[in-house]
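Note sheet for the following structure.
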Amino acid sequence: MWRVKTQDDPQAFALLVARWEGPIRRLCARMTGDAHRAEDLTQTAFARVFAARADWQPSGKFSTFLWRIALNLCHDELRKTKRRGECSLEGLEDGNGSAADLFATDDLSPDAQADVRERGELVRRAMQELPAHYRAVVVLRHYEHLKFHEIAEVLGVPVGTVRSRLHNAVRLLRERLEANEI
């Protein structure tokens, strides 16, 4: 990032994008529940990183800078979606070709694959029902494997708040999933 900031080095920026595109896309997909919107948000996040390259401070971690930009975009998108009352076409599908296919493997029998897809869809729906501040903590901790202090840096909150939000989020998820008998 230092070369991007000081020299506008396109190769250095390409390396950053190659390294971080997957994790940022996954974060956006899990936060919004829409893979297509996640692609757009990922591109926007990197465009904003490049536009804000002069604001990046080498004393801070680049990953914290990037996670924060991506999470802010997701929160903005969730507010817009809530205001407009949108839903994705994937949410209307009957399960054929949806994001639930990501959980299926060739090693499982068809009935086991269907069970895994159904459970995965229930978990995804329960995640989407969580408030955004809880969802962000769960995604960063359990899917992106960030440490508590890293999540605290990204969100700009104390570590105790991160732990509290994660505890509350897991409790809410458990309640919702038990209600669906998963």
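Throughout, read-outs are computed from the coordinates displayed, never taken from laboratory work. Quick caveat, the model's predicted, so the values are computed rather than measured. Every residue, glycine as well, gets a Cβ built from its backbone with ideal geometry; the counts of neighbours run over all protein chains shown.
Within the shell of other residues whose beta carbon sits under 9 angstrom from the beta carbon of residue 138, the net charge comes to +4, with Lys and Arg scored +1 and Asp and Glu -1. Taking Cβ atoms as reference points and 14 Å as the exclusive limit, the residues near residue 26 contribute a net charge of +3, counting Lys and Arg as +1 and Asp and Glu as -1. The Cβ shell under 11 Å around residue 64 holds other residues with a net charge of 0, Lys and Arg each +1, Asp and Glu each -1. In angstrom, the C-alpha Rg and Dmax of region 1-78 are 12.2, 37. Note: relative contact order over region 1-90, using C-alpha pairs below 8 Å and six or more positions apart, is 30 percent. The simple Förster model, with R0 at 25 Å and r as the Cβ-Cβ distance, assigns residue 114 and residue 142 a FRET efficiency of 0.55. Inter-label distance, residue 168 to residue 75: 1.4 nm, where each label sits 7 Å from its Cα along the C-beta direction.
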